[in-house]
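The values are calculated or read from the model by the stated rules, or taken from the named source; none is laboratory data. It should be emphasised that the depicted structure is a prediction, and the values quoted were computed from it without experimental measurement. All Cβ positions, even for glycine, are placed from backbone atoms using ideal geometry, and neighbour counts span all protein chains on display. For accessibility, only protein heavy atoms count, side chains too; no ligands or nucleic acids. Shrake-Rupley method; radii C 1.70, N 1.55, O 1.52, S 1.80 Å.
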Amino acid sequence: TRGPSPEFKAEYEQALAAYRKGNYDESILMFQNLAVKQTPVSYRDNIAFWVGTNYLKLEMYDEAINQFQTVLNKYPRGNKVHDSRYALGVSYYKKGDTGRALDILESALRANPPREVRNKIERQMSEIQ
């Protein structure tokens, strides 16, 4: 299989850079533009994840939840599953649904995430409890 084109990679990096600069609306549009192109399968979960992360920053929690749920449902073997579970828990917490947030974060821990994500989940859980 062919990897992503240099153009695709450049646009992806620009969308990420917009997120890092705090230009969340712009980043969402850039990622959504990428999503309708011939996106390499290995990037589709990442795009959904980053769109969700932008929505989270914009305090658009239902939209964020929708994106993270998409990653978990459509790309269960993707590299963004653990991050998406964590972010899903954070989204519910910020939305005010602490019970649901704790359930999700507990299941995220049971899924045996990498240490970096595990630490974030544990910090978030102790903040909620």
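The table below gives the values:
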{"read-out": "Failed item, numbered, when Ser5 is tested on (1) hydroxyl-bearing (Ser, Thr, Tyr); (2) open to solvent by less than 60 Å² (accessible area, probe 1.4 Å); (3) under 16 Å from the mean Cα position of the chain (by Cα)", "value": "(3)"}
{"read-out": "Some residue of the range 36-54 being part of a loop (DSSP other than H, G, I, E, B), surrounded by 15 or more Cβ atoms within 10 Å (Cβ to Cβ) and touching a residue at least 24 places away in the same chain (Cβ under 8 Å)", "value": "yes"}
{"read-out": "In the range 70-100, the residues that are more than 15 Å from Gly52 (Cβ to Cβ) and surrounded by 12 or more Cβ atoms within 10 Å (Cβ to Cβ)", "value": "Asp97, Thr98, Arg100"}
{"read-out": "Residues of the range 94-122 satisfying the condition of being within 16 Å of Asp83 (Cβ to Cβ) and of a type in the set (S, T, N, Q)", "value": "Ser107, Asn112, Asn119"}
{"read-out": "Selection status of Lys37, among the charged types (D, E, K, R) and modelled with pLDDT under 95", "value": "yes"}
{"read-out": "Selection count where residues are over 11 Å from Tyr55 (Cα atoms) and either open to solvent by 70 Å² or more (accessible area, probe 1.4 Å) or assigned to a helix (DSSP H, G or I) (or both), scope the range 21-35", "value": "9"}
{"read-out": "Where a residue in the range 92-103 is touching a residue at least 24 places away in the same chain (Cβ under 8 Å) and over 15 Å from Glu122 (Cα atoms) and its partner, wherever it lies, is charged (D, E, K, R) and in a helix (DSSP H, G or I), with Cβ under 8 Å and at least six apart", "value": "Tyr92/Arg100; Lys95/Asp62"}
{"read-out": "Residue pairs meeting the criteria (Cβ under 6 Å; at least 6 apart or on separate chains; first touching a residue at least 12 places away in the same chain (Cβ under 8 Å), in the range 12-25; second of a type in the set (Gly, Ala, Ser))", "value": "Ala15/Ser27; Ala18/Ser27; Tyr19/Ser27"}
